[in-house]
1. Can you figure out the FRET efficiency of Arg82 with Leu12, using R₀ = 25 Å and their beta-carbon distance, to the nearest 0.05?
2. Any idea what % of Cα-Cα pairs in the chain are farther than 21 Å?
3. Quick one: which residues, 5 or more positions from Val49 or on another chain, have an amide H under 5 Å from its amide H? H modelled 1.01 Å from N in the peptide plane, none for Pro or chain starts.
4. Leaving out ligands and nucleic acids, note down the accessible area per residue over the chain with a 1.4 angstrom probe, in whole Å².
5. Per the 1.4 Å probe, what fraction of the accessible area of the range 9-138, in percent, lies on carbon and sulfur atoms?
6. How far is it, in nm, from the label point at Arg46 to the one at Leu23 when both lie 7 Å from their Cα along the line to the Cβ?
7. Within the range 1-109, report the trypsin sites (Lys or Arg not before Pro) that DSSP leaves as loop and that have at most 15 other Cβ atoms within 10 Å.
8. Could you give the dipole magnitude of the chain about its Cα centre, charging the beta-carbon of Lys and Arg +1 and that of Asp and Glu -1, in debye to the nearest 20?
Amino acid sequence: MRHRQSIAILALVGWFVALYLGLHALGIGGELKCGTGGCETVQTSRWAVLFGVPVAFYGVVGYTAILAVTLVGLQPAWLSRRGPSLLAAALATGGVLFSAWLTYLELFVIDAICRWCVTSAVIMTAIWLVSLHALRTPATRTDP
């Protein structure tokens with residue numbers, strides 16, 4: 001249960017980070033508070049949009065899916081089931097791979113680092129690690 005709680009909290013924090021970047025991409029919220037200038041470079045690069053959608057919104061959707069799965073998994077009827085943990089791990093694996101690709105682009109193609117993007121990548125990696133650990137931990141039955 002603690003694994004799912006941890007994942008839910010991390011997903012909520014990641015959701016806010018992705019939403020902040022997404023709202024900026026829509027022109028809401030003004031200049032990104034980054035400190036290095038790299039955020040603007042990354043967010044205005046050609047890689048900031050994928051299939052016509054700002055990349056940050058893929059993060060919003062991903063974090064929302066992970067949060068929803070873990071919240072369902074925290075319900076008493078689902079606590080002892082492995083399904084939510086498997087699905088969270090699968091979603092987090094996709095998120096880590098996507099984050100790794102985006103980080104590669106920042107480092108080697110765009111040549112700029114966005115602190116908010118790195119924060120999101122670290123959060124997704126933490127979710128992935130916790131979800132993998134949850135798969136290795138046997139579920140406990142919590143019948144009254």
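The values are calculated or read from the model by the stated rules, or taken from the named source; none is laboratory data. Remember, it's a predicted structure, so these values are computed and weren't measured experimentally. Neighbour counts are summed over all protein chains in view; Cβ atoms, including those assigned to glycine, are modelled from backbone coordinates with ideal geometry. Ligands, DNA and RNA are stripped out before the accessible areas are found, and what is left, the full protein with its side chains, is counted by its heavy atoms. Shrake-Rupley method; radii C 1.70, N 1.55, O 1.52, S 1.80 Å.
1. 0.65
2. The proportion of pairs with Cα distances above 21 Å equals 43 percent.
3. Those lying under 5 Å, H to H, from Val49 are Val55.
4. 57 Å²
5. Of all accessible area on the range 9-138, carbon and sulfur atoms account for 72 percent.
6. Using points 7 Å along Cα→Cβ, the separation is 3.1 nm.
7. For trypsin sites (Lys or Arg not before Pro) across the range 1-109 that sit outside H, G, I, E and B with at most 15 neighbouring Cβ atoms in 10 Å, the list reads Lys33, Arg81, Arg82.
8. Dipole size: approximately 580 debye.
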